[in-house]
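Taking it in order: structure first as structure tokens, then the write-up.
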Amino acid sequence: MNLREFVLRAIEEDAPFGDITSEVFKGIKIKAVILAKGDGVFCGDRVLREFERVFDFSVKSVPDGFGFKYGDVLAEIKGDAYDILLCERTVLNIISKLSGIATLTKRFVDLAGDVPIYDTRKTTPLMRFLEKYAVRVGGGYNHRLTLSEIAMVKDNHKRIAGGIKKAIGMIRERFGRHVYIEVEVENLEELKEALECGVDWVLLDNMDIETLREAINMAKGKVKVEVSGGVSLENVKEIASLKPDRISVGAITKAAKPIDMSLEVVEW
């Protein structure tokens, strides 16, 4: 889905037959501002620009990545009252959610130092492209965007195949050496098996700090290492100190709290 299609479908969901309350204000020119009701990292300019292209109003906003405080004016909107009021709640819902993701991502990035923070596929259906954009705005990186990009062997794949080695063998038989393979491992025995198979990456899943330390030492120089599962703001700094190649955090998209914002009409 592209951004234009997303914007049109979002408005259609909220107003399939128009906004009957605001219908009487068509043709009246107004000015409104979007105000921050919390602190955070802004992610919304790209979305606002698309709304501007579709509807009868103009937008001037702070740039994506801008750090804001409570009470800051994040955007100024001028145009037809009907179109602005029609889009009000949909716009606020989207950019407050994206700004929440960007804000939480930056907190993880700041704590992790020089170890990159990656997202996962724990995203809202049909909003993945925007939520992963918000991760980049917050200083993070995107893991695979879709299931079609790489082979990632997880628990259920291992169960169905009968183990890591068999799962990788099936993938190699089907795709040869042309497919990139990452394997999720939960203990040192699985890590040893994955290393013997010559995979590209191993994902150390839900391991305690001491097991992580040993696993990273085992894999160093042999394969790239990703740490995931149970990563939080409280432990990410300690995990980063072990120097994995990257840390992936599902919470930055799944559990990010939207930053509250409001749209206020200031001239009419």
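Details
- Single match in LEU85, LEU98 (criterion: touching a helix residue (DSSP H, G or I) at 6+ places or on another chain (Cβ under 7 Å), buried (at least 22 other Cβ atoms within 10 Å of the Cβ) and at pLDDT 95 or above): LEU98
- Taken together, the residues in the stretch 101-124 that are open to solvent by less than 20 Å² (accessible area, probe 1.4 Å) and of a type in the set (Gly, Ala, Ser) amount to 2.
- Among the candidates GLY79, GLY65, residue that is at positive phi, in contact with a Phe, Trp or Tyr (Cβ under 9 Å, 6 or more places away or on another chain) and part of a loop (DSSP other than H, G, I, E, B): GLY65
- Subset of the stretch 125-151 that is among the small types (Gly, Ala, Ser) and on the phi < 0 side of the Ramachandran plot - its residue that is most open to solvent (accessible area, probe 1.4 Å): SER148
- Members of the stretch 50-62 found to be open to solvent by 40 Å² or more (accessible area, probe 1.4 Å) and either assigned to a helix (DSSP H, G or I) or over 25 Å from VAL24 (Cα atoms) (or both), listed by number: GLU52, ARG53, VAL54, LYS60
- Failed condition for ILE168, given (1) closer than 22 Å to LYS220 by Cα; (2) of a type in the set (Val, Ile, Thr); (3) within 25 Å of the chain's Cα centre (by Cα): (3)
- ALA32 meets each of the listed conditions (1) in a helix (DSSP H, G or I); (2) touching a strand residue (DSSP E or B) at 6+ places or on another chain (Cβ under 7 Å); (3) farther than 25 Å from ARG136 by Cα apart from (1).
- Any hit, the stretch 29-48, residues being in contact (Cβ under 8 Å) with a residue 40 or more places away in the chain, open to solvent by less than 40 Å² (accessible area, probe 1.4 Å), aromatic (Phe, Trp, Tyr) and under 20 Å from GLU131 (Cβ atoms): yes
- Meets criteria (farther than 18 Å from MET1 by Cβ, in contact (Cβ under 8 Å) with a residue 40 or more places away in the chain and surrounded by fewer than 22 Cβ atoms within 10 Å (Cβ to Cβ)) for GLY79: yes
- Tabulated pairs, the stretch 130-144, first free of Cβ contacts under 8 Å to residues at least 24 places away in the same chain, second surrounded by fewer than 22 Cβ atoms within 10 Å (Cβ to Cβ), C-beta under 6 angstrom, 6+ apart or interchain: ARG144/ILE150
The values are calculated or read from the model by the stated rules, or taken from the named source; none is laboratory data. Because the structure is predicted, anything quoted here is derived from the model rather than measured. Note that we place each Cβ from the backbone using ideal geometry, even for glycine, and neighbour counts take in every protein chain shown. Only protein heavy atoms, including side chains, enter the accessible area calculation; ligands, DNA and RNA are left aside. Shrake-Rupley method; radii C 1.70, N 1.55, O 1.52, S 1.80 Å.
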